[in-house]
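Here the structure is laid out as structure tokens; the discussion comes afterwards.
The values are calculated or read from the model by the stated rules, or taken from the named source; none is laboratory data. Everything quoted here is computed from the prediction, not taken from an experiment. No Cβ is skipped: glycine too gets one built from the backbone with ideal geometry, and neighbour counts run over all protein chains shown. We work out accessible area using only protein heavy atoms, side chains counted, and drop any ligands, DNA or RNA first. Shrake-Rupley method; radii C 1.70, N 1.55, O 1.52, S 1.80 Å.
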Amino acid sequence: MTARQSFVEDPARAAADALATLSAALGDRQATVDELRVPRRPFPSAFDVTAMATATVAAATSAVASWLELHEGRRRAVVIDGLHVAAAFASERHLTPRGWTLPSPWDPFAGDYPAADGFVRLHTNYSYHRDAALRALGVSPDRDVLARAVALRSRVEVEGAVVAAGGCAAAMHDAVAWDTHPAGRAVGSEPLVACWTRAEVAPGSFAGAISAARPLASVRVLDLTRVIAGPVATRFLAAYGAQVLRLDPPGFVEVPALLPETTAGKRCASLDLKSEEGRGRFDALLAEADVLVHGLRRGALRALGYSPDHLQTRFPRLVVAGVNAYGVSGPWALRRGFDSLVQMSTGIAARGMNVSGAATPVPLPVQALDHGTGYLLASAIIQALRRRAELGWVDEIHVSLARTAAWLTSLGVANSIVGTPLQNDEVRPHLEEANSAWGPLERVRCPGTLEGVPTRWTLEPGPLGRSGATWE
């Protein structure tokens with residue numbers, strides 16, 4: 001984290017400037033927004049989360065406009081409401097069940113723990129990560145006992161032990177420590193959106209006509225992502241009509257509180273990619289897919305038999321898009337991570353703690369790295385589809401939470417907490433009623449408006465594995 005500039009007075013101008021940097025990173029220097037309404041900063045933070053959030057949604061919506069322009073020959077107007085964006089970045093918080101109960105999003109053992117020389121965060125929302133943390137520290141499943149064990153060790157020692165055991169942890173670093181850390185230097189050297197051409201095919205070749213009613217209806221997306229960032233990207237694609245099929249291993253249990261949000265608009269199936277039958281079905285799906293989106297660590301696809309060479313040979317038209325926590329280079333490229341952990345690693349939580357005078361780490365007011373990276377990934381995927389249709393280039397794309405964090409910090413770092421929280425009356429206009437497999441709910445609508453183009457999730461959210469591993 002090297003930027004130490006003050007926030008500008010005009011939030012809309014800051015968002016427009018942030019969008020300009022995204023446009024360059026996405027290779028879309030013509031990204032335009034006809035109306036950008038950002039009346040204030042609704043994310044109280046030392047970082048310009050408002051500019052970051054507004055710019056990522058604007059980039060994704062503008063990408064859809066570019067896609068339609070390629071097929072229609074005219075540019076439709078893009079309007080971005082910053083308060084709608086703010087509600088969308090806190091969509092988990094604003095989802096309200098009607099007549100049923102949403103489980104807690106956090107495991108009882110997850111959180112920040114004082115170590116002997118600072119703080120460390122443990123992420124235990126998956127049972128196997130919780131078991132790894134308890135095993136690494138040699139304690140019984142009791143939070144007080146766990147806290148005492150952490151307090152006896154340095155934060156880096158705790159982090160290292162938990163990670164080595166297969167768990168997820170992050171020691172809190174300040175900006176200087178992260179910027180000079182080998183992992184921080186590696187992430188900082190990577191592009192915000194890594195993109196390279198993996199194959200060349202005949203331009204065009206979509207199954208159906210492109211319609212403004214559902215611009216991405218001809219696009220088929222295989223979704224191998226979890227938690228928030230990847231699912232936000234594929235959910236955005238689904239809002240514009242893409243056929244999204246989420247695949248999970250048999251028996252996989254996602255964080256239950258997230259599913260009513262992240263499965264909207266998607267078919268969800270179970271598929272064992274380690275079995276011969278499962279790989280055969282996966283091959284059949286890939287043969288008809290336009291995009292494969294995954295949150296797998298480097299080498300995981302290869303280990304399953306899907307190396308880059310194999311994908312290029314067997315599925316040359318397939319756009320491949322990946323997202324992970326700590327980038328594709330450096331010593332942490334294979335490290336498991338989540339938004340809250342990356343905030344600890346990269347100095348964000350430390351800066352919040354410092355400027356607010358708090359005694360404990362202060363993260364961003366929303367999981368902005370997850371949501372921002374998700375909309376950024378959606379933008380990159382749509383731009384890749386456009387390049388394939390127009391030029392015949394088939395791209396491979398990669399984004400990471402840590403690189404998004406570096407971009408966020410480059411937008412400005414304040415010496416105090418700047419902004420006021422979104423109020424309920426500001427959220428209300430951006431909500432909609434919907435059905436789910438669990439019962440009716442109220443949720444935030446897809447943010448961003450494209451002239452004459454509706455957004456909607458036609459499939460209700462529901463549990464994993466409820467659909468067959470087939471296209472519609």
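Largest to smallest in accessible area, the residues S104, S23 fall in the order S104, S23 (1.4 Å probe, all protein chains included).
Amide H contacts of A199: V394, each under 5 Å away and 5 or more positions distant or on a separate chain (H built 1.01 Å from N in the peptide plane; Pro and chain starts excluded). Any idea which of G392, N415, A368 is furthest toward the positive side of the dipole for the range 353-472, if Lys and Arg beta-carbons carry +1 and Asp and Glu beta-carbons -1? Of the listed residues, the answer is G392.
Accessible surface ranking for W196, W332, W100, 1.4 angstrom probe, highest first: W196, W100, W332.
Carbon and sulfur atoms: what percent of the 1.4 Å accessible area of the chain do they account for? It is 51 percent, rounded to a whole number. Heavy-atom accessible area for Y113, with the other protein chains in place and a 1.4 Å probe, reaches approximately 10 Å².
Take A116, project a point 7 Å from its Cα along the Cβ direction, then tell me which residues of the range 152-181 have their backbone nitrogen under 11 Å from it. Flagged as within label range: 152-158. Between R40 and T420, the modelled labels are 0.3 nm apart [label points 7 Å from Cα along Cα→Cβ].
What the Cα convex hull of the range 19-83 gives, in volume per residue, is 71 Å³. Could you calculate the FRET efficiency of D144 with T180 from 1/(1 + (r/R0)^6), where r is the beta carbon distance between them and R0 is 41 Å, rounded to 0.05? FRET efficiency, D144 to T180: 0.70.
Please work out the Cα convex hull volume for the range 239-388 and give it in Å³ per residue.
153 Å³
Using the Cβ-Cβ distance between L459 and A359 with R0 = 30 Å, the FRET efficiency computed as 1/(1 + (r/R0)^6) comes to roughly 0.10.
Placing +1 on the Cβ of every Lys and Arg and -1 on the Cβ of every Asp and Glu, with nothing else charged, gives the chain a dipole about its Cα centre of roughly 440 debye. The heavy atoms of T313 offer some 110 square angstrom of accessible surface to a 1.4 angstrom probe. Taking N as the residue count of the range 297-376, its C-alpha radius of gyration divided by 2.2 N^0.38 Å amounts to 1.48. Calculated FRET efficiency, E432 to R302, Cβ-Cβ distance, R0 = 45 Å: about 0.60 to the nearest 0.05. Quick check on the range 327-472: take the gyration tensor over C-alpha atoms, sort the square-rooted eigenvalues as a ≥ b ≥ c, and tell me if it's rounded (a/c under 1.5), prolate or oblate. Since a/c reaches 1.5 but b/c is at least a/b, the shape of the range 327-472 is classed as oblate. Binning all Cα-Cα separations of the range 112-175 at 10 Å, short to long from zero, yields these whole-percent fractions: 26, 62, 11, 1. Gyration tensor analysis over the Cα atoms of the chain returns equivalent ellipsoid semi-axes of 33, 27, 22 Å (largest first, whole Å).
Go through D81, D425 and list them by solvent-accessible area, largest first, probe radius 1.4 Å. Don't jump to the answer; show the numbers that get you there.
Working: D81 40, D425 115 Å².
Result, largest first: D425, D81.
Using only the Cα atoms of the range 142-280, each taken as one equal point scatterer with no solvent, compute I(q) by the Debye sum, divide by I(0), and report log10 of the ratio at q = 0.09, 0.20 Å⁻¹. With one equal scatterer per Cα and no solvent, log10 I(q)/I(0) is -0.51, -1.23. The length gained by stretching the chain between A151 and A164 to full extension, at 0.36 nm per residue less their Cα-Cα distance, is 2.8 nm. Run through all the Cα pairs of the range 7-57 and give the fraction in each 5 Å bin from 0, expressed as whole percent. Cα pair-distance distribution for the range 7-57, in percent: 5, 22, 33, 22, 12, 6, 0.
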